[in-house]
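Asks: This is the structure I have questions about; it appears just below.
The values are calculated or read from the model by the stated rules, or taken from the named source; none is laboratory data. In this text the structure is predicted, and so the values were computed from the model without any measurement. Don't worry about glycine lacking a Cβ; one is built from the backbone with ideal geometry, like all the others, and counts go over all protein chains shown. To get the accessible areas, we keep the full protein, side chains included, count just its heavy atoms, and leave off ligands, DNA and RNA. Shrake-Rupley method; radii C 1.70, N 1.55, O 1.52, S 1.80 Å.
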Amino acid sequence: MIYPTITAALTGAEAVIKQEREENGTEGERRLILKDKLYLTRYHNYGAFWNIGERHPEYIRGVSMGLCAACTILYVLTLGRKGKHLLKLGLSILLGGAYSNTYDRMVRGYVVDYLGLQVENERLRNMVFNLSDLFIVIGAAICVIAGK
């Protein structure tokens, strides 16, 4: 039962952080928090990665729900098998992030993003993300490694 606990813990932790940002963050504010390289803010993302699809949020919600459902089915099927610990871990982390962001899209109508990088590259400097995005990327990378 460790894997579902990981998923629930990541989803729950993100819910707490996002609620804190909604209540206490200011849109556009940039407060440096980590060696002048990471800043805390609040941003409402109506699309997906880099605001892709922001003009079609209903499409993004549908894709998000569909991908969550597909990954959940794979997750459930994998949990019932012996071994595959790395794949189970990857899916647990990936789904922790995916559930959080999908919840935001369905309930709030946008995803709460709150982290940014204070770097020279303008495109990276203007990118705002959340821990769920990192969970998705890290979880997907682990799944790829597990599949090799």
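Asks: For the range 124-148, which residues satisfy the criterion of being open to solvent by 40 Å² or more (accessible area, probe 1.4 Å) and modelled with pLDDT under 95?
Replies: 124, 125, 126, 147, 148
Asks: Sticking with this structure for a sec: Taking only pairs six or more apart or across chains, which ones have beta-carbon atoms under 7 Å, a first residue in the range 58-74 that is under 14 Å from residue 111 (Cα atoms) and at pLDDT 95 or above, and a second residue that is in a helix (DSSP H, G or I) and of a type outside the set (A, V, I, L, M)?
Replies: The qualifying pairs are 65/102.
Asks: Six or more apart or on different chains, Cβ atoms under 7 Å: show the pairs whose first residue is in the range 1-18 and assigned to a helix (DSSP H, G or I) and whose second is among the aliphatic types (A, V, I, L, M).
Replies: Going by the 7 Å Cβ cut-off, the qualifying pairs are 3/79; 3/89; 6/93; 7/95; 10/93; 14/131; 17/131; 18/112.
Asks: Could I ask something else about it? If only one of 77, 86, 32, 94 is in contact (Cβ under 8 Å) with a residue 40 or more places away in the chain, over 19 Å from the mean Cα position of the chain (by Cα) and either closer than 20 Å to residue 140 by Cα or assigned to a helix (DSSP H, G or I) (or both), which one is it?
Replies: Working: 77 fails: in contact (Cβ under 8 Å) with a residue 40 or more places away in the chain; 32 fails: either closer than 20 Å to residue 140 by Cα or assigned to a helix (DSSP H, G or I) (or both); 94 fails: over 19 Å from the mean Cα position of the chain (by Cα).
Going through 77, 86, 32, 94 in turn, the sole match is 86.
Asks: With 148, 88 as the choices, which residue is of a type in the set (D, E, K, R) and out of contact with any Ser or Thr (no Cβ under 9 Å at 6 or more places or on another chain)?
Replies: Working: 88 fails: out of contact with any Ser or Thr (no Cβ under 9 Å at 6 or more places or on another chain).
Being of a type in the set (D, E, K, R) and out of contact with any Ser or Thr (no Cβ under 9 Å at 6 or more places or on another chain) holds for just one of 148, 88, which is 148.
Asks: Within the range 114-123, does at least one residue satisfy the condition of being open to solvent by 40 Å² or more (accessible area, probe 1.4 Å), in a helix (DSSP H, G or I) and not small (Gly, Ala, Ser)? Full working, then the answer.
Replies: Filtering the range 114-123 for residues open to solvent by 40 Å² or more (accessible area, probe 1.4 Å) gives 117-123.
From what's left, in a helix (DSSP H, G or I): 122-123.
If we keep only those that are not small (Gly, Ala, Ser) too, we end up with 122-123.
Yes, there is a match, as at least one residue in the range 114-123 is open to solvent by 40 Å² or more (accessible area, probe 1.4 Å), in a helix (DSSP H, G or I) and not small (Gly, Ala, Ser).
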